[in-house]
Each structure stands twice: as C-alpha cells, then as structure tokens.
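I have placed the structure first, in the form of structure tokens, so that the comments after it can refer back to it.
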Amino acid sequence: MAITGAIFNSLIYGGVDSADYGVYITGDAVFNAPKRSVELVSVPGRNGAIEIDQGHFENIEVSYPAGMCGDDQTDFRERLSDFRNAIMSQKGYQRLSDTYHPDEFRMGIYVDGLEVEPKHYNEAGQFTLKFNCKPQRFLTSGEEEVTIGE
C-alpha cells in the first residue's frame, strides 16, 4: 500500500527512503537550530557570569514523528520489520534528508530504538525516528559539478 502525494512527507537516511516502506513523517522538530557551545563562569564578587565561547556548535537531535499502515496485520508487520532492519543497519554518520528541506541535507546517526504504538487492529502504527546530527546543514547544490570555461 503505497501512499503518494504532496501531503505526505518522507526522509531518506543512508539511501533508505522511508516512502518505499510506507513510512511518512511529520516535521515537528526539523526546523530547530543547534546549540552554541558556551561556558558560563561565575566569578565571586562580580555580577553576572563571564561567557567563554568554545567556538563551535554542538550536535543536534532531530526527531521525526512517523507513521505507517499496511493492507493487513501481516503486511504491516513485514513492512515495519523491513524498514526497521534497513534504518538500524546503517553505521556511522549517514546522509539525512527530508521533504521539508529539499535543498539541504544533514549528516546524522540513528540513535534510538523503535518503539511502535500499534493502531487500527495492528494494521498501522506510530513511532518517532531520532537522529543525532552534526550541527551544519549542507546545500545539495554544492554537490553539482561546475565547469569553468577556458
């Protein structure tokens, strides 16, 4: 049961396209920004704290609430199992892109298990996909080859 159309969003992680498995996402937390690494030092006798900027940003957790449905219980279980195996078999940082940011991608690691909340007589389910991502976003246009004329 493939659901298609502009109203559904998906992600691709390490070459695994969630839409291929019927897994669709919502983007509640995909617009967040990473935290700057700053140390605040309290000095006795002085009001306020001294800021020591570490000169970098920390990794950011990107969470995607997701869901999928099957044609029946067996189809749902098989499709969920295939998706779980595909997404959790990725090792190290992988390219992570989503339909919310079609011109950008991140480098991330899948960091969580997969806890599914079954719905509709175990023919559908909801879950959250959590990734620990490097702070920067990369433009896909930066991957395009540019030829410089002579």
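Summary of values
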{"read-out": "Net +/- balance of residues flanking Leu129 in space, Cβ distance below 12 Å, scoring K and R +1, D and E -1", "value": "-3"}
{"read-out": "Lysine pairs with alpha-carbon atoms under 23 Å apart, the chain, spacing 8 or more or separate chains", "value": "5"}
{"read-out": "Chymotrypsin sites (Phe, Trp or Tyr not before Pro) within the stretch 121-150, DSSP loop, no more than 13 other Cβ atoms inside 10 Å", "value": "Tyr121"}
{"read-out": "Residue-count net charge about Cys69 - beta-carbon cut-off 11 Å; Lys, Arg +1, Asp, Glu -1", "value": "-2"}
{"read-out": "GluC sites (Glu not before Pro) restricted to the stretch 1-96 and DSSP loop, no more than 13 other C-beta within 10 Å", "value": "Glu58"}
{"read-out": "Sulfur and carbon atoms: percent of accessible area, the stretch 1-108 [1.4 Å]", "value": "50 percent"}
{"read-out": "Loop-located chymotrypsin sites (Phe, Trp or Tyr not before Pro) in the stretch 1-102 whose Cβ has at most 12 other Cβ within 10 Å (DSSP)", "value": "Phe31"}
{"read-out": "Per residue accessible area in Å² of the stretch 1-132, where ligands, DNA and RNA are left out and the probe is 1.4 Å", "value": "59 Å²"}
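The values are calculated or read from the model by the stated rules, or taken from the named source; none is laboratory data. This one's a predicted model, so the numbers in the text were calculated from it and none came from an experiment. So basically every Cβ, Gly included, is an ideal-geometry build from the backbone, and we count neighbours across all protein chains shown. Heavy atoms of the whole protein, side chains included, go into the accessibility calculation; ligands, DNA and RNA do not. Shrake-Rupley method; radii C 1.70, N 1.55, O 1.52, S 1.80 Å.
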